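Heads up: the structure comes next, in structure tokens.
The values are calculated or read from the model by the stated rules, or taken from the named source; none is laboratory data. Just so you know, these numbers come straight off a predicted model, no measurement behind them. All Cβ positions, glycine included, derive from the backbone under ideal geometry; neighbour counts span all protein chains shown.
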Amino acid sequence: MSSPKTFMTTIGTFHRLLILVALSSLSMSLVWAQANAPGQPSGAPPAASGPAAQNPDNPPLSGLDMPTTESPFSGRSYFIPGLQVGEAVDTNTSGSSGNHNTSTITRGLGSIDLQKIWRRYQVGLDYVAGGSYYTGTNSSGAPRGYQTHSFGYDQRVLWRTGQLSFRDTFTYLPEGTFGFGSYGGFGGFSSAMAGSGLSGTGMSSGLGGGIAGGMPGGIFSGGQFGSIGIQPRVDNLSIIDVVQGISPRSTVTLGAGYDLSEFIDKARSPFTLINSQMTTGQIGYDHLLNPKDQVALVAAYQQLQFPGAGGGGVHAYVFQARYGRRLSGRLDLVIAGGPQVTRVNTQFVNVLGKIIAIPGSTSIAGNGSIDLGYTLSARTAIHLDYQHYLTPGSGFYAGANTDAARVNMSHIVNRNWTIMTDIGYSYSTPLTSRSTILGINSSSYQYWYAGGTVRRMLGPHFDAFGTYQYALFAAGSCTSSTGSHAVCGQSVNRHTAMFGLDWHPRPIRLD
């Protein structure tokens, strides 16, 4: 498969980093394993899902962990390999608004899901890697082969009243994670990891992005909303966060994150895609009103940079009040909202050989989210997410105000059949309409998708599945006569269907 030199350099750096992380985890694991060996005093055991000051079913609202009825690592150490092969058809791989080109896709993916638990130390990782080969009508010069890499890592140090976590997700995908269009929807891609019924670090740690299903994890992850055809990109999100209980009912959280998005092979895009870097810091205070209800206050700072975009940058100050109600195994509701102050720096752009300064601006707006998970029965569950927040712009804008919503429902028909539906919608507007040299020169763009997955168990180690998804990208009208008009006022439709087979053995116990 062909890959640009830039990507090979990036993936080489990632592999070296992965080796470093693995060696670091191994050395720390040996130390903690020795410290917690039988016969040696180790103090009171910490809560597996967070500080002892919190109800295990109701972790801090300002933290990154999601509520669960058991340990985030399923309470045991295990290793699961997996394989997936599939055949798909895509009606518009080039992202054309006119004549569409239909391609068939042969895909193979391999996965590793690993977690290791000690008394005060936990490590988990999952990794999906493989490739896709496209046949059929092909754009001039476009490669037919594409690599896929998705890596999630979670390392935790626990003590009686808190925890320290290191989290990282890395992806190299043919397009954005919101909807996983080229995989026929989230049901097709996630099955490479979820076929075992045990979700790994990248899918359950609350990070978002990566293989988490496309809905970003709050303000720490900018998200990749939409794609016009195949637009490969690298994205890496790293977070370090601390949760500390200060009383039986109150907890303080601190978090810092860095997200990097870089597009590969920009020359084949009809417009100049915008790389981004985002740094985030957050502090929160949480208080349990009772075992089911919780409130929190959160203050956060975001800095967005766009290399090569003329030195422009964005600074945002976010303040939120949050309320959560959680009934174990039944309901998970979190509502958050508050003001946001956004400052856009002065930007310098080259217009016909002349450097022009675009004045900065300051604005005050709202920032909020709703997250609802509801278990209708032992066989049926529904999840709804909505966010209104600041994003890097997904390569289309140098910063955007984004509304994103996603609803999915899963239903177990019987012991062999399961179905899932997934619908998502995003609407983004640029932070400033005066920068028209990079990205798309439109007043807004929207991206939505709707699809579903059917899965049939063939035995204890094999599943067969089929997915279908429809997606639509639509750009608003142009805002000026300069810049790229390639997609202004146009819409791009796409149908993707996939059939495949998963293999996954039973979890291999490591303890």
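Please verify whether Arg326 is among the charged types (D, E, K, R) and at pLDDT below 90, treating the condition exactly as stated.
When the stated conditions are applied, Arg326 passes them.
Where residues in segment 282-318 are in a strand (DSSP E or B) and free of Cβ contacts under 8 Å to residues at least 24 places away in the same chain, which of them is nearest to Pro392 (Cα to Cα)? First the steps, then the outcome.
Residues of segment 282-318 in a strand (DSSP E or B): 282-288, 293-305, 313-318.
Keeping just the survivors that are free of Cβ contacts under 8 Å to residues at least 24 places away in the same chain gives 299, 301.
Details: Ala299: 19, Tyr301: 14 Å.
Only one residue tops the list, namely Tyr301.
Only residues in segment 227-244 that are closer than 14 Å to Gly176 by Cβ count as the first member; pair them with residues that are part of a loop (DSSP other than H, G, I, E, B) and of a type in the set (A, V, I, L, M, F, W, C), Cβ under 6 angstrom, at least 6 apart or cross-chain, and list the lot.
As it stands, the answer is Pro232/Ile264, since those pairs meet every condition given.
Output the number of the condition that Asp259 fails; it satisfies all remaining conditions of (1) surrounded by fewer than 23 Cβ atoms within 10 Å (Cβ to Cβ); (2) at pLDDT 90 or above.
For Asp259, the failing item is (1).
Please state which one of Ile382, Ile370 is surrounded by fewer than 16 Cβ atoms within 10 Å (Cβ to Cβ), modelled with pLDDT of 90 or more, out of contact with any Pro (no Cβ under 8 Å at 6 or more places or on another chain) and under 29 Å from Ser442 (Cβ atoms). Outline the logic, then answer.
Numbers: Ile382 fails: under 29 Å from Ser442 (Cβ atoms).
Sole residue among the options that is surrounded by fewer than 16 Cβ atoms within 10 Å (Cβ to Cβ), modelled with pLDDT of 90 or more, out of contact with any Pro (no Cβ under 8 Å at 6 or more places or on another chain) and under 29 Å from Ser442 (Cβ atoms): Ile370.
Only one of (1) without any contact (Cβ under 8 Å) to a residue 60 or more places away in the chain; (2) in contact with a helix residue (DSSP H, G or I) (Cβ under 6 Å, 6 or more places away or on another chain); (3) of a type outside the set (Asp, Glu) is not met by Ser444, so which one is it?
(2)
Does Gln303 qualify as being under 30 Å from Asn493 (Cβ atoms) and of a type in the set (S, T, N, Q)? It would help to see each step written out before you state the result.
Values: under 30 Å from Asn493 (Cβ atoms): no; of a type in the set (S, T, N, Q): yes.
No; evaluated as a whole, the condition is false for this residue.
Considering only residues of segment 417-444 that are hydroxyl-bearing (Ser, Thr, Tyr), at pLDDT 90 or above and buried (at least 22 other Cβ atoms within 10 Å of the Cβ), which is nearest to His504 (Cα to Cα)? Show your work before the answer.
Let us first name the residues in segment 417-444 that are hydroxyl-bearing (Ser, Thr, Tyr), namely 418, 421, 425-429, 432-433, 435-436, 442-444.
Restricting the remaining residues to those that are at pLDDT 90 or above gives 418, 421, 425-429.
Now restrict to residues that are buried (at least 22 other Cβ atoms within 10 Å of the Cβ): 426, 428.
Working: Ser426: 34, Ser428: 39 Å.
In this case the residue turns out to be Ser426.
Output yes when any residue across segment 338-348 is at pLDDT below 95, in a loop (DSSP other than H, G, I, E, B) and either surrounded by fewer than 18 Cβ atoms within 10 Å (Cβ to Cβ) or more than 22 Å from the chain's Cα centre (by Cα) (or both), and no when none is.
yes
Just for segment 397-416: of the residues that are over 30 Å from Gly368 (Cα atoms) and touching a residue at least 40 places away in the same chain (Cβ under 8 Å), which one is surrounded by the most Cβ atoms within 10 Å (Cβ to Cβ)? Outline the logic, then answer.
Kept after step one, since they are over 30 Å from Gly368 (Cα atoms), are these residues of segment 397-416: 412-416.
Now narrow it down to the ones that are touching a residue at least 40 places away in the same chain (Cβ under 8 Å): 415-416.
Values: Arg415: 7, Asn416: 12.
By that ranking, first place goes to Asn416.
Might you check whether a residue that is within 21 Å of Thr342 (Cα to Cα), among the acidic types (Asp, Glu), within 23 Å of the chain's Cα centre (by Cα) and at pLDDT 90 or above occurs anywhere in segment 233-256? Steps first, please.
Initially, segment 233-256 is screened for residues within 21 Å of Thr342 (Cα to Cα), giving 255-256.
From what is left, the residues that are among the acidic types (Asp, Glu) are none.
No - not one qualifying residue is present in segment 233-256.
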